[in-house]
Amino acid sequence: MPDLTKPVLLTGASGALGRQLTRALAAEGFSLRLTDILPFPDKLPANARFVKADLADGVAILREAEGVSSILHFGGVSTDLTFENVLGPNIRGLYHIYEAARREGARVVFASSNHSIGFHERTEKLDHDCDMRPDSYYGLSKAYGELMGRMYFDKHGIESVFLRIGSCFPEPVDARMLSTWLSYADLCRLVSACIRAPKVDCSVIWGASANSRGFWGKDARAKIGWQPEDSADGFAGQLGGKVSDNLVTERYQGGIYCAAEYSRPSPSPKDIFGA
Ligand code: 15L
């Protein structure tokens, strides 16, 4: 059972999602410790403090995590970069997060991504126990992150929620996002539920709004006590035809991340759109 009087640590606080979470969680009354390698661009809420910290600095992470109930890990690389660029922040940095969580007995809410399963085809409906099929070094780091959390749960009882976030933006902008969109409001309610839930064990949640075209099915949302309230469906008229001309992008759930540096023979239109 988390002690909700303790502070919550948020990494990646200066990023787009971190800023939304800061505003929403501070308004809910949580005491927030914020970190990022970049300065925090907004006015700091009264119940938040910000410390500039690099995920590479394990001592700084331990210091910021002292006495927290949960670590919301939204820091690190959040797009398709090279192996060398991903390695430090997303693998070594994550290790620092889990070591801090272990020392504090804190829960981790990990911003995983749909790119950990991106090479599943769009025609598939996936449950939380599907195979990992990373589509990039970035997606691979998220898959590894979930496995690291699993190891810390099995070995040390450190609880985690892995949020396999789809596309969290102000609005969906193309046909794929009619399936993958997560509204900012649904994200904030989800993270709040993850902090408050009495027990989460080691759970996966698909981070998408209630999109009728969604790719994803069963997960642990009942245990967390969360249901999305928004939906991309209202954008179908304007975005339904907004597809790319890349057949790899259109075939797989991870979209453009799958197509980047793809070197197998390209699929045919029949593979994607049927006969
Ligand atoms: C992600 O994981 C990225 O952080 C974000 O920039 C988008 O690319 C998103 O996935 C997506 O798949 O739309």
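Which whole number in µm²/s is D for the chain by Stokes-Einstein, with the Kirkwood Rh taken over Cα pairs at 25 °C and 0.890 mPa s?
Values: Rh = 19.0 Å.
So the translational diffusion coefficient is about 129 µm²/s.
Can you list which of the GluC sites (Glu not before Pro) found in segment 208-275 are DSSP loop residues with at most 14 other C-beta atoms within 10 Å?
Values: sites: GLU229, GLU250, GLU261; in loops: GLU229, GLU261.
Answer by residue number: GLU229, GLU261.
Suppose all protein chains stay in the model; what accessible area per residue would a 1.4 Å probe give for the chain, in Å²? Don't jump to the answer; show the numbers that get you there.
Values: 12520 Å² over 275 residues.
It amounts to 46 Å² per residue over the chain.
Any chance you could run the full-extension gain for ARG122 through LYS43? It's 0.36 nm times the residue separation minus the Cα-Cα distance, nm to one decimal.
Working: separation 79, 0.36 × 79 = 28.44 nm, distance 4.07 nm.
Net length gain for the segment: 24.4 nm.
When DSSP beta bridges are limited to those with both residues in the chain, what percentage is antiparallel, rounded to the nearest 5? The partial results should precede the final answer.
Working: 1 of 33 bridges.
For the chain, the DSSP antiparallel bridge percentage is about 5.
How much of the accessible area of the chain, probe 1.4 Å, is carbon plus sulfur, in whole percent? Show your work: numbers first, answer last.
On the way: 6680 of 12520 Å².
Exposed carbon and sulfur together represent 53 percent of the surface.
Per-residue ellipticity at 222 nm for the chain, helices alone: DSSP H runs ≥ 4 residues times -39500 (n - 2.57), over residue total, nearest 500 deg cm²/dmol? Write down the numbers at each step before the final one.
On the way: 12 runs with 95 residues, N = 275.
Calculated at 222 nm, the ellipticity per residue is -9000 deg cm²/dmol.
Using the C-alpha gyration tensor of segment 1-109, what are the square roots of 5 times its eigenvalues, in whole angstrom, with the largest one first? Present the calculation step by step, with values, prior to reporting the outcome.
On the way: eigenvalues 91, 58, 24 Å².
After scaling each eigenvalue by five and taking roots: 21, 17, 11 Å.
Using a Förster distance of 22 Å, how high is the FRET efficiency between ARG103 and LYS223, based on the Cβ-Cβ distance and rounded to 0.05? Working shown, then result.
Values: r = 26 Å, r/R0 = 1.16.
Efficiency, rounded to the nearest 0.05: 0.30.
Apply 1/(1 + (r/R0)^6) to the Cβ-Cβ distance of LYS52 and GLU171, taking R0 = 22 Å, and write down the FRET efficiency to the nearest 0.05.
Values: r = 31 Å, r/R0 = 1.40.
So, using R0 = 22 Å, E works out to roughly 0.10.
From the convex hull of the Cα coordinates of segment 48-144, what is the mean projected area in square nanometres? Write down the numbers at each step before the final one.
Details: hull surface 28.4 nm².
In nm², the orientation-averaged hull projection of segment 48-144 is 7.1.
Can you pull out the trypsin sites (Lys or Arg not before Pro) in segment 208-275 whose DSSP state is coil and whose Cβ has at most 16 other Cβ atoms within 10 Å?
Numbers: sites: ARG213, LYS218, ARG221, LYS223, LYS242, ARG251, LYS270; in loops: ARG213, LYS218, LYS242.
Counting only loop positions with at most 16 other Cβ atoms within 10 Å, the trypsin sites (Lys or Arg not before Pro) in segment 208-275 are LYS218, LYS242.
Given an 8 Å cut-off on Cα distances and at least 6 residues of separation, report the relative contact order of segment 8-273 as a percent. Let's see the in-between values first.
Numbers: 557 pairs, mean separation 43.2, N = 266.
Relative contact order, segment 8-273: 16 percent.
From the gyration tensor of the Cα coordinates in segment 137-275, what semi-axes in whole Å does the equivalent ellipsoid have, largest first, with each one equal to sqrt(5λ)? Please list the in-between numbers first.
Values: eigenvalues 179, 84, 24 Å².
Listed largest to smallest, the semi-axes of segment 137-275 are 30, 21, 11 Å.
The values are calculated or read from the model by the stated rules, or taken from the named source; none is laboratory data. In this text, all values refer to a predicted model and were calculated from it rather than measured experimentally. Glycine gets a Cβ as well: all are built from the backbone with ideal geometry, and neighbour counts include every protein chain shown. These area figures cover heavy atoms from the full protein model, side chains too; ligands, DNA and RNA do not enter into them. Shrake-Rupley method; radii C 1.70, N 1.55, O 1.52, S 1.80 Å.
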